[in-house]
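K.L.:
I'd like to ask some things about the structure below.
Values quoted throughout were computed directly from the atomic coordinates according to the rules given, and no laboratory measurement underlies them. Just so it is clear, the model here is predicted, and its values are computed rather than measured. Methodologically, a virtual Cβ is constructed for each residue, glycine included, from the backbone with ideal geometry; neighbour enumeration extends over all protein chains shown.
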Amino acid sequence: MASITRPKRDVPGLRDANLHRLEHLAVELRRRGMAADLVIAPGRIPRLEVVHRGGAAEDVYAWRGVQDGTWWFWWSWAERIAAAADPDDAAARIEQVLTRHSWS
């Protein structure tokens, strides 16, 4: 199985599309009071480090679905969060999960 965090090669168009989606999600997360910082490491897929005001934190990725090419936001454990076309919905789902983990 191919790693979601290590692309086979750096494809500029894909990287730019990925960053564009993560930046839009970061805006929504910050609007909800969470910290969202882009992490761009050489040879790795960009990600958002998201920190809830209650202390819970998680990495979020943006990538295309294998079957239909639709862009999604993904948890670090490769579970879909929400379609990248709706960053507000994704931010709400991330907030919901991190809120639960903040009070656990």
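K.L.:
How much mean residue ellipticity at 222 nm does the chain get from its helices, if each DSSP H run of length 4 or more adds -39500 (n - 2.57) and you divide by all residues, to the nearest 500 deg cm²/dmol?
P.N.:
Theoretical 222 nm ellipticity from helices: -11500 deg cm²/dmol.
K.L.:
Continuing with the same structure: For the chain, what relative contact order do you get, as a whole percent, if you take Cα pairs closer than 8 Å and at least 6 residues apart?
P.N.:
On the way: 160 pairs, mean separation 22.4, N = 104.
22 percent.
K.L.:
If amide H atoms are built 1.01 Å from N in the plane of the peptide, which residues on other chains or at least 5 residues away come under 5 Å of the amide H of residue 44?
P.N.:
none
K.L.:
Here's a follow-up. Once amide H atoms are built 1.01 Å from N in the peptide plane, which residues 5 or more positions from residue 81, or in another chain, come under 5 Å H to H?
P.N.:
When sequence neighbours closer than 5 places are left aside, the close amide H contacts are 73, 74, 75.
K.L.:
To the nearest 20 debye, what is the magnitude of the charge dipole of the chain about its Cα centre, counting +1 on the Cβ of each Lys and Arg and -1 on the Cβ of each Asp and Glu? Intermediate results must be reported in sequence, preceding the final value.
P.N.:
Working: 15 positive and 14 negative charges, 49 e Å.
Taking the Cα centre of the chain as origin, the dipole is about 240 debye.
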